[in-house]
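Here is the structure we will look at.
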Amino acid sequence: MSHTVEIISVGTEILLGSIVNSDARDLSRDLSELGLNVLYHSVVGDNPGRLKAAVELARSRADVLITTGGLGPTCDDLTKQTLAEAFGRKLAFHPECAQAIREYFARMGREMTDNNLQQAYLPEGCEILDNAWGTAPGCAFEEGGTYVVMLPGPPRECLPMFRERAVPWLSSLSEGVIRSRTLRVFGMGESAVEALLRDRMNGLANPTLAPYAKEGEVELRITAKADSAGAADALIAPVEGEVRALLGDLIYGADVSGLEQVVLEGLKARGLTLGTAESCTGGLIAKRITDVPGAAAVFHGGVVSYHCEIKAGVLGVSQALLDEKGAVCAQVAEQMAQGARRALSCGLAVSATGVAGPDPDDRGNPVGLVYTGLAAPDGCWVKKLNLASPGARRDRIRTLAANHALDMARRWLAGLDPTGADCQRGWTD
């Protein structure tokens, strides 16, 4: 029997847009690895009537229901009560859960209010999913052929609880294994990638191949279902080979978090270090690099030289050049990268200077004009970029500029032309 899943996310704050529903995204990804088909996502506010209606609808079209949120101690945390009623179960007090909650507060050195013990009431006959990451335990049960899992809403609790507590309970439902391989592409937009691969994508059934547009790049996900992980990987391999043959070095990695991870791995492999000199990106390149665990081993630091005085005084950019041409030109990007490499005593340095908007600069340079630079032991390279598009946002231009700077470093570390990625292909889609 093939099982189908609906994820019901409970919380008015999600409906209002106050928080991003990352729980549904993360759970969907993990459920696919289990071989369970997620067919629906629902979001409902903290209202018992609407939640009950959402549960009834979910029962009519899925046999595995996973809820997130609404398990806390406050009066609007009504998930347990509503689902217990919907499935004809009473709530029962679980002393072991109450003790775990008391111990949690003791470890945190905080006083526990009595309403926290509300979290120790769970549906009769359920399997308790202990919460080592917070106070609200989850639970799981089966009723009339429907499998129910309730998880807390905070992402720092929801995902680890799912993986450590819910997956063992759900694993008996899994039929086969779904595996995915994600290729990351930079230098060609989604529409261009899709046009190149359209015939191949349309001709595939298992595995499947699908493009996903990200901010300034494209993901290509190859997904296969088989009886085992090895069999699924064997289905994926030839399709990956075909895609790599078509896209070549525009593919910068597989199953990686981003360009910054690939750059750091390349630096470590080459025994080199990196520094940054940023103007229009305002430290975004350095931020992305230091988001990667282990960055301290190869990242020396960065200079955010927003004013020309800093470009000249800290990075050594020629004042005469700045007076003549302003901050947005190829020569300034080159000297910024060279200055960062010198000032930060690093093997490689990248730079970015340009106009992120919303208005042209005081010399009439248009929004989206950006220069990125790379200084390396064997030379210096600069790319001129036109990152403007209809309705281009300031944050998008900054993200694209950071991507190009990182890709220059990635390409040099791989022995490729640092300026090889063509920024003009597909950026308007």
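The values are calculated or read from the model by the stated rules, or taken from the named source; none is laboratory data. This structure is a prediction, so every number in the text was calculated from the model and none was measured. Cβ coordinates were reconstructed from backbone atoms using ideal geometry, including for glycine residues, and neighbour counts include every protein chain displayed. Accessible surface areas use protein heavy atoms only, side chains included; no ligands, DNA or RNA. Shrake-Rupley method; radii C 1.70, N 1.55, O 1.52, S 1.80 Å.
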What percent antiparallel are the DSSP beta bridges of the chain, to the nearest 5?
60 percent
For segment 25-70, alpha-carbon Rg over 2.2 N^0.38 Å
1.21
Expected max-MSF residue from 222, 397, 14 in the GNM of the chain (alpha carbon, under 10 Å) is 14
P(r) tail fraction, segment 294-429 - alpha-carbon pairs more than 20 Å apart, %:
44 percent
Measuring from the lowest to the highest alpha carbon on each principal axis, how far does segment 1-151 reach, largest first, in angstroms?
45, 35, 32
Between helix 394-413 and the chain: long-axis angle, C-alpha atoms, 0 to 90°, nearest 10:
70 degrees
Dividing the Cα radius of gyration by the Kirkwood radius, what Rg/Rh value follows for segment 253-296?
0.97
Residue by residue through segment 229-239, the couplings from Karplus 6.51 cos²θ - 1.76 cosθ + 1.60 with θ = phi - 60°, in Hz, x for Gly and Pro, are 4, x, 5, 5, 4, 5, 6, 6, 3, x, 5
Calculate, in whole percent, how much of the Cα-Cα pair population of segment 169-296 lies beyond 23 Å.
46 percent
If you average the C-alpha positions of segment 209-234 and of segment 369-409 separately, how far apart do those two centres end up, in angstrom?
28 Å
Report the residue, chosen from 17, 203, 313, that carries the largest GNM mean-square fluctuation when the chain is represented by alpha-carbon nodes joined by springs under 10 Å.
17
Using a Debye calculation, one point per C-alpha and no hydration shell, please list log10 I(q)/I(0) for segment 238-343 at q = 0.11, 0.12, 0.18, 0.21 Å⁻¹ in order.
-0.46, -0.53, -0.90, -1.04
Residues in segment 356-400 reached by a label modelled at residue 323 [backbone nitrogen below 18 Å; 7 Å Cα→Cβ]:
363
Of all lysine pairs in the chain that are eight or more residues apart or on different chains, those with Cα atoms under 24 Å apart total 15
Residues of segment 24-38 with the amide nitrogen closer than 17 Å to a label point 7 Å from the Cα of residue 257, along Cα-to-Cβ, please.
26
For residue 146 and residue 290 in the same chain, what is the full-extension length gain: residue separation times 0.36 nm, less their Cα-Cα distance, in nm?
47.4 nm
Sort 307, 404 by heavy-atom solvent-accessible area, probe 1.4 angstrom, most to least.
307, 404
For segment 99-187 the mean separation of alpha carbon contacts under 8 Å (6+ apart) over residue count, i.e. relative contact order in percent, is 19 percent
How far apart, in nm, are the 7 Å Cα→Cβ label points at residue 196 and residue 111?
6.3 nm
May I ask for log10 I(q)/I(0) of segment 266-328 at q = 0.16 Å⁻¹, from a Debye sum over the Cα atoms as equal point scatterers with solvent left out?
-0.60
Size of segment 173-242 along its principal axes in angstrom, Cα-based, largest extent first?
38, 24, 20
Contour minus end-to-end for residue 26 and residue 47, with contour as 0.36 nm per residue of separation and end-to-end as the Cα-Cα distance?
5.1 nm
Size descriptor, Kirkwood hydrodynamic radius, that averages inverse alpha-carbon separations across the chain, Å:
24.6 Å
Residue 42 long-range amide H proximity, modeled H, under 5 Å
7, 8, 9
About the Cα centre of the chain, how large is the charge dipole given +1 on each Lys and Arg Cβ and -1 on each Asp and Glu Cβ? Please answer in debye to the nearest 20.
840 debye
Restricting to Cα pairs under 8 Å and 6 or more apart, the percent relative contact order of segment 84-138 works out to 41 percent
Rg/Rh for segment 46-133, where both radii come from Cα atoms and Rh is the Kirkwood radius:
1.00
For segment 65-213, the Kirkwood Rh over every pair of distinct alpha carbons, in Å, works out to 18.2 Å
With the Cα gyration tensor of segment 1-86 giving a ≥ b ≥ c as the square roots of its eigenvalues, does the rule (a/c under 1.5 for rounded; else a/b larger than b/c for prolate; else oblate) give rounded, prolate or oblate?
oblate
Give me the one-decimal nm value for the distance between modelled label points at residue 13 and residue 76, 7 Å along each residue's Cα-to-Cβ direction.
0.9 nm
In terms of the Cα gyration tensor, with a ≥ b ≥ c the square roots of its eigenvalues, is segment 88-164 rounded because a/c is under 1.5, prolate because a/b exceeds b/c, or oblate?
oblate
To the nearest 10 degrees, the tilt of helix 95-108 (Cα long axis) against the first principal axis of the alpha carbons of the chain is 30 degrees
Relative contact order for the chain, counting Cα pairs under 8 Å that sit 6 or more residues apart, in percent
11 percent
